[in-house]
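Some notes on the structure that comes next.
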Amino acid sequence: MENLNYPFVNLPLPYSYDALEPYIDEQTMHLHHDKHLQTYIDNLNKILKDYPWLQKMNLEQLVRGRFKLPQDKYIQLHNNAGGVYNHRFFFDGLSPQSEKEPVGNLTNAINDSFGNFYNLKEEFKKAALSVFGSGYAWLVCRNKSRKLEIVTTHNQGSPIEMCLNPILTIDVWEHAYYLKYHNVRAEYIDNWFNVIDWSKADTNYG
Ligand code: MN3
């Protein structure tokens with residue numbers, strides 16, 4: 001990730017808006033990146049403008065931090081910093097040249113933790129479907145044990161707040177899929193598996 005410090009800018013996607021068709025449609029990508037993520041970025045900058053001491057923090061510190069601010073300001077900061085971090089992580093984890101299955105060290109780690117890739121897919125889909133309302137499902141690892149786990153977060157909560165190392169995520173807010181898939185989140189999840197950048201996921205695993 002680049003541009004980790006204030007002022008935050010909306011970095012261009014690493015692929016064209018229509019590159020993930022037919023799995024994720026062009027119009028959704030435009031709205032999701034240019035409107036939704038842009039709003040998180042604008043709001044984050046607006047809050048930080050009033051707090052020069054917070055401008056020194058990088059994005060991860062802003063997501064993790066428990067800052068002494070008025071309650072409403074703290075909630076706004078937390079939601080918008082999480083919105084920027086999570087969306088960048090989500091978009092960066094997609095690719096039109098998906099390998100369609102795990103690569104590198106991550107392959108062994110998935111087999112160790114889940115038995116095989118098929119089981120991971122089943123469990124991941126179940127988790128992504130279980131998010132009530134808006135949120136994300138994540139493949140993460142614990143920094144010490146290196147063991148893989150699937151977790152979900154609500155709204156713009158992020159696993160980095162729980163000291164978990166994110167590897168892969170799916171955004172299951174309705175804005176991520178409603179235009180194309182309407183209420184059928186399961187179909188969106190199935191199709192998202194076709195555009196995962198497994199090399200990036202393996203790099204995130206390290
Ligand atoms: Mn989103």
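The values are calculated or read from the model by the stated rules, or taken from the named source; none is laboratory data. It should be emphasised that the depicted structure is a prediction, and the values quoted were computed from it without experimental measurement. A quick note on method: Cβ atoms are made from the backbone with ideal geometry, for glycine too, and the neighbour counts reach across all protein chains shown. We work out accessible area using only protein heavy atoms, side chains counted, and drop any ligands, DNA or RNA first. Shrake-Rupley method; radii C 1.70, N 1.55, O 1.52, S 1.80 Å.
Some values worked out for this structure:
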quantity	calculated
Wholly within the range 99-206, helices (runs of 4 or more DSSP H) carrying at least 2 residues that are closer than 24 Å to Gly82 by Cα and in contact with an Asp or Glu (Cβ under 7 Å, 6 or more places away or on another chain)	198-205
Some residue of the range 166-175 being open to solvent by 50 Å² or more (accessible area, probe 1.4 Å) and more than 22 Å from Asp25 (Cα to Cα)	no
Selected residue (only one of Pro70, Pro102, Pro52, Pro96 is more than 14 Å from the ligand (Cβ to nearest atom), touching a helix residue (DSSP H, G or I) at 6+ places or on another chain (Cβ under 6 Å) and modelled with pLDDT of 95 or more)	Pro102
Qualifying residue in the range 139-147 (condition: without any contact (Cβ under 8 Å) to a residue 60 or more places away in the chain, open to solvent by less than 70 Å² (accessible area, probe 1.4 Å) and of a type outside the set (Ser, Thr, Tyr))	yes
Residue selected from the range 49-101 under the condition acidic (Asp, Glu) and closer than 22 Å to Asn3 by Cα, by the criterion nearest to the chain's Cα centre (by Cα)	Asp92
Selection within the range 112-138 - surrounded by fewer than 16 Cβ atoms within 10 Å (Cβ to Cβ) and closer than 19 Å to Asn165 by Cβ	Asp112
Tally of residues being among the charged types (D, E, K, R), closer than 20 Å to Phe8 by Cβ and open to solvent by 60 Å² or more (accessible area, probe 1.4 Å) across the range 19-64	8
Which numbered condition Gln76 misses (of (1) open to solvent by 20 Å² or more (accessible area, probe 1.4 Å); (2) more than 13 Å from Ile41 (Cα to Cα); (3) away from the ligand (no atom under 16 Å from the Cβ); (4) not β-branched (Val, Ile, Thr))	(2)
Selection from the range 179-190 of residues that are within 16 Å of the ligand (Cβ to nearest atom), more than 14 Å from Gly135 (Cα to Cα) and in contact (Cβ under 8 Å) with a residue 12 or more places away in the chain	Leu179, Lys180, Tyr188
Scan of the range 89-101 for residues that are in contact with a Leu (Cβ under 7 Å, 6 or more places away or on another chain) and open to solvent by 10 Å² or more (accessible area, probe 1.4 Å), ordered by number	Gly93, Pro96
Filter result (among the hydrophobic types (A, V, I, L, M, F, W, C) and without any contact (Cβ under 8 Å) to a residue 40 or more places away in the chain) within the range 149-172	Ile150, Val151, Met162, Cys163, Leu164
